[in-house]
Amino acid sequence: MNHDIAALSAETLLAIPLSIPERLFTGDPDQARREFRTLVAIWHPDRCSHPEATAVFQHLSRLYATAERKLRDGAWQTPGLLTLRGSDGTHYQIRYLRTREFELGQLFIGSETATWLVEKQHADLFQNGLDVIAGLRFADGRMAAQLQPGLPAIAARFETADRLALVLRKAPDLLLLSDVLEHFDGRMDARHVAWIVSSLLNLVCYLDYAKLAHNAILTDTVFISPPRHSSALLGGWWYAVRQGQAMRAAPALTVQYAPFDVINHQRGDIRTDLELVRAVGRALLGDISGARLARDKAAPPAMLDWLRLPASGSPVQEYQTWQGRVLKASFGERRFVKLEVSVNDLY
């Protein structure tokens, strides 16, 4: 919190997200109340002639309302530490390196955990995610050993007064793909995009085995391990359904890039996941639409052609084509190329 609150400009105050009053107020109810009154005395439109006075006053009121709720519910967030009070009175402390907003709430990325806080208005989607994760099965121990590191493992779940919390275990070297892409200014080397797409196709093959459609394979649901050249699909399970069943909801990017007939009929279809893997590949190369990739020479032609062509309905066939034809034509013999990014670089 900035203690010289009287000196804060309208632009600075309006830039504070409504979900993060901790950037303005002190984590003590009485002190926060005094700070709010000080700001109201400055920015009340009846007293302040600034053209943004009304907007600032309304924003401050909303920020303070969120601050009161967080302080009441034990959900005040100090940098790197989130404290939550469960509905049963239990207090939970979650250490994190970075937090991100997502369409249903907030994500807190820690060294060994990823915690999703979902607003209770989405309780049906939250429960759906729990049910799908609990139902993940493997043919044998070998399949489990290969695939479990790329799938969610629940460490804890609980609820607060207004949110539902899901804490997943996370290997320390896993980085959120959105964060990695931002680190590289929105465009990654095609050689690294290649192994990320390979690992995602492998996970889609498992989803097809499990007769599931995930429906949210995106850069903000996927984590990657640079040293292991592997991916983990930890987020977005709220949207997963069995193939052929009615979709409950979908992120905007899914609606944009899923096959038209899937969105029209709103049924789980593995083609959606295959199309989303292609969209992720294009996004990592710098243009999710694919329109500029050839002009920018973002990747070898064989790779670009595959990323822009419609997906078939067979993940195994897609994986075999990608590995056996596309990558070989694009890069020749397979070799390990180190991705120079780590937790310390991002967080």
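Here is a check on your reading of the model: is ILE42 β-branched (Val, Ile, Thr), touching a helix residue (DSSP H, G or I) at 6+ places or on another chain (Cβ under 9 Å) and modelled with pLDDT of 95 or more? When the stated conditions are applied, ILE42 passes them.
May I ask you to say which residue of ARG95, ARG62 is modelled with pLDDT of 95 or more, closer than 27 Å to GLN31 by Cα and surrounded by fewer than 18 Cβ atoms within 10 Å (Cβ to Cβ)? Steps first, answer last, please.
Details: ARG95 fails: modelled with pLDDT of 95 or more.
None of the other options fit; the residue is ARG62.
Taking the numbered list (1) crowded, with 19+ Cβ neighbours inside 10 Å; (2) within 21 Å of the chain's Cα centre (by Cα); (3) within 26 Å of ASP296 (Cβ to Cβ) in turn, TRP238 passes all entries but (3).
Only one entry in PRO300, PRO251 is under 28 Å from VAL132 (Cα atoms) and in contact (Cβ under 8 Å) with a residue 60 or more places away in the chain, namely PRO251. If you check ALA291, ALA329, ALA250 for being over 30 Å from LEU97 (Cβ atoms), of a type in the set (A, V, I, L, M, F, W, C) and not in a helix (DSSP H, G or I), only one passes: ALA291. Only one of the numbered conditions (1) within 25 Å of THR113 (Cβ to Cβ); (2) more than 24 Å from the chain's Cα centre (by Cα); (3) of a type outside the set (D, E, K, R) is violated by ALA291, and that is (1). Here PHE223 fulfils each of the conditions (1) more than 11 Å from THR272 (Cα to Cα); (2) in a loop (DSSP other than H, G, I, E, B); (3) under 17 Å from the mean Cα position of the chain (by Cα) apart from (2). A residue that is under 13 Å from the mean Cα position of the chain (by Cα), in the same structural domain as VAL316 (by TED's automatic domain parsing), over 19 Å from LEU346 (Cα atoms) and not in a helix (DSSP H, G or I) occurs nowhere in the range 196-215.
Does any residue of the range 141-153 turn out to be at pLDDT 95 or above, more than 30 Å from GLY89 (Cα to Cα) and under 17 Å from the mean Cα position of the chain (by Cα)? Taking every residue of the range 141-153 in turn, at least one turns out to be at pLDDT 95 or above, more than 30 Å from GLY89 (Cα to Cα) and under 17 Å from the mean Cα position of the chain (by Cα). Scanning the range 111-124 for residues that are surrounded by fewer than 20 Cβ atoms within 10 Å (Cβ to Cβ) and either at pLDDT 95 or above or among the charged types (D, E, K, R) (or both) gives GLU112, THR113, GLU119, LYS120, GLN121, HIS122, ALA123, ASP124.
What are the residues in the range 301-311 that are surrounded by 13 or more Cβ atoms within 10 Å (Cβ to Cβ) and either outside any helix (DSSP H, G or I) or β-branched (Val, Ile, Thr) (or both), if any?
So the first thing to find is which residues in the range 301-311 are surrounded by 13 or more Cβ atoms within 10 Å (Cβ to Cβ), and the list is 302-308, 311.
Answer for the range 301-311, where residues must be surrounded by 13 or more Cβ atoms within 10 Å (Cβ to Cβ) and either outside any helix (DSSP H, G or I) or β-branched (Val, Ile, Thr) (or both): just ALA311.
Considering each residue of the range 18-41, count those that are crowded, with 17+ Cβ neighbours inside 10 Å and hydrophobic (A, V, I, L, M, F, W, C), and give that number.
Initially, the range 18-41 is screened for residues crowded, with 17+ Cβ neighbours inside 10 Å, giving 21-22, 24-26, 32, 35-36, 39.
Applying the additional criterion that residues be hydrophobic (A, V, I, L, M, F, W, C) yields 24-25, 32, 36, 39.
Result for the range 18-41: 5.
None of THR26, THR54, THR12 is over 30 Å from LEU107 (Cβ atoms) and not assigned by TED's automatic domain parsing to the domain that holds ALA161 except THR54. In this entry, GLY235 passes the filter for residues that are within 25 Å of LEU117 (Cα to Cα) and assigned to a loop (DSSP other than H, G, I, E, B). Taking VAL262 as the residue in question, decide whether it is within 28 Å of ALA134 (Cβ to Cβ), in contact (Cβ under 8 Å) with a residue 24 or more places away in the chain and surrounded by 20 or more Cβ atoms within 10 Å (Cβ to Cβ). For VAL262, the condition - within 28 Å of ALA134 (Cβ to Cβ), in contact (Cβ under 8 Å) with a residue 24 or more places away in the chain and surrounded by 20 or more Cβ atoms within 10 Å (Cβ to Cβ) - is not met. Tell me, which residue of the range 64-99 that is over 21 Å from the mean Cα position of the chain (by Cα), aromatic (Phe, Trp, Tyr) and not in a helix (DSSP H, G or I) is nearest to ALA156 (Cα to Cα)? That would be TYR92.
Taken over the range 100-150, the residue count meeting the criterion of being part of a loop (DSSP other than H, G, I, E, B), under 30 Å from GLY80 (Cβ atoms) and among the hydrophobic types (A, V, I, L, M, F, W, C) is 1.
The values are calculated or read from the model by the stated rules, or taken from the named source; none is laboratory data. All values derive from a computational prediction rather than experimental measurement. Neighbour counts are summed over all protein chains in view; Cβ atoms, including those assigned to glycine, are modelled from backbone coordinates with ideal geometry.
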